[in-house]
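The values are calculated or read from the model by the stated rules, or taken from the named source; none is laboratory data. Here the structure is a predicted model, which means the values were calculated and not measured. For neighbour counting, all protein chains shown are included, and Cβ atoms are generated from backbone atoms with ideal geometry for every residue, glycine included. Side chains included, ligands, DNA and RNA excluded: accessible areas come from the protein's heavy atoms. Shrake-Rupley method; radii C 1.70, N 1.55, O 1.52, S 1.80 Å.
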Amino acid sequence: MNHVTLIYIYLVIALLITNIPIVGKYMAVANTIIHEASHCLSALLFSGKVHSMSLFSDTSGEARVSTRNWMSRILISYAGYSGSSLAAIGLYFALSKARYELILISFIVLLLVCLLFWIRNIYGLIWVISFICIIGFIVYKDFGILILHASFLLSAIVLAQSVSSSFIVLKLSIRDSKNAGDATNLANATYIPAQIWGWLFFVQSLYAAYYIFVHFVTH
């Protein structure tokens, strides 16, 4: 089965599996942790401080950070959805180069950093430890075929969730602009309506998906 066919198959699988109760939400948190880690890493980059990260069973998450100034607060709030979209591009670039094991190892490294330094809530700890065990076992045993399929599945989940989560925040920004997560935070910091930020998050996620298909699927 060729590379392009696998991409399409796993995108369909990702869309189906993430809508299955319990299992789907468990898998979708793979994108949530990238989103929250993007907030944390940007806080460190802009001289802020990370207090904790929490992951929840409904696929939501929270990064508690402190910032030094107005601009860093904006950049940190903006980093979550942007980080997910950039991660999706990076994952599909790795797939295009057949760096399947690198994808899994990168996930393990990210999860270990989050586990050691940031995650403090029970569900988050259970999720990260269990995910590290699953991916780590596949890599440790060097199951070539499983490494390949796991990397395609994880990449598809991140791409699908980066688009769907940004669409959800867009809907929230339209229906309840005071409770639209990062869009609300950015609206409070900039006085630009949450709806504008919601549209920006969604459009950039679509552009990231378009970029992936143009450069790594149909190219």
In order over region 55-70: 3J(HN,Hα) from phi, Karplus 6.51/-1.76/1.60, θ = phi - 60°, whole Hz, x for each Gly or Pro, gives 10, 10, 5, 8, 6, 7, x, 8, 10, 9, 10, 10, 10, 8, 8, 4
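Just the number, please: carbon plus sulfur as a percent of the accessible area of the chain, 1.4 Å probe, no ligands or DNA/RNA counted.
On the way: 7580 of 11110 Å².
Summing carbon and sulfur atoms, their accessible area is 68 percent of the total for the chain.
Restricting to Cα pairs below 8 Å that are 6+ residues apart, what does the relative contact order work out to for region 98-219? Please round to a whole percent. Don't skip to the answer; put the middle values down first.
Details: 85 pairs, mean separation 24.2, N = 122.
It rounds to 20 percent for region 98-219.
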Any residue on another chain or 5+ positions along whose placed amide H is under 5 Å from the amide H of H51 is listed here as R64, V65, S66
Measuring from the longest principal axis of the C-alpha atoms of the chain, the long axis of helix 23-45 (C-alpha) lies at a number of degrees, nearest 10, equal to 50
For D58 the rounded accessible area (nearest 10 Å², probe 1.4 Å, non-protein molecules ignored) is 90
In Å², rounded to a whole number, the accessible area per residue of the chain with probe 1.4 Å is 51
Here region 127-144 yields Karplus 3J(HN,Hα) values (6.51, -1.76, 1.60; θ = phi - 60°; whole Hz; Gly and Pro given as x) of 4, 5, 4, 5, 5, 4, 4, 5, 5, x, 5, 5, 5, 4, 7, 6, 6, x
Given 88-100, 120-132, the highest-first ranking by average Cβ count within 10 Å works out to 88-100, 120-132
Helix 194-212 sits off the longest principal axis of the Cα atoms of the chain, rounded to the nearest 10 on a 0 to 90 degree scale, by 20
Low-density loop trypsin sites (Lys or Arg not before Pro), region 14-82, at most 16 other Cβ within 10 Å, DSSP non-H/G/I/E/B, are R68
For the chain, longest principal axis from Cα atoms; helix 3-17 axis from its Cα atoms; angle between them, nearest 10 degrees, is 60
Low-density loop chymotrypsin sites (Phe, Trp or Tyr not before Pro), region 149-213, at most 11 other Cβ within 10 Å, DSSP non-H/G/I/E/B, are Y191
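Quick check: residue separation of L15 and K97 times 0.36 nm, minus the Cα distance between them. What number comes out in nm?
On the way: separation 82, 0.36 × 82 = 29.52 nm, distance 2.40 nm.
Result for the pair: 27.1 nm of gain on full extension.
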For L172 the rounded accessible area (nearest 10 Å², probe 1.4 Å, non-protein molecules ignored) is 70
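Counting pairs on different chains as well as pairs 8 or more places apart, how many Lys pairs in the chain have Cα atoms under 26 Å apart?
Details: K25/K171; K25/K178; K49/K178; K97/K141.
Taking the chain as the scope, the lysine pair count is 4.
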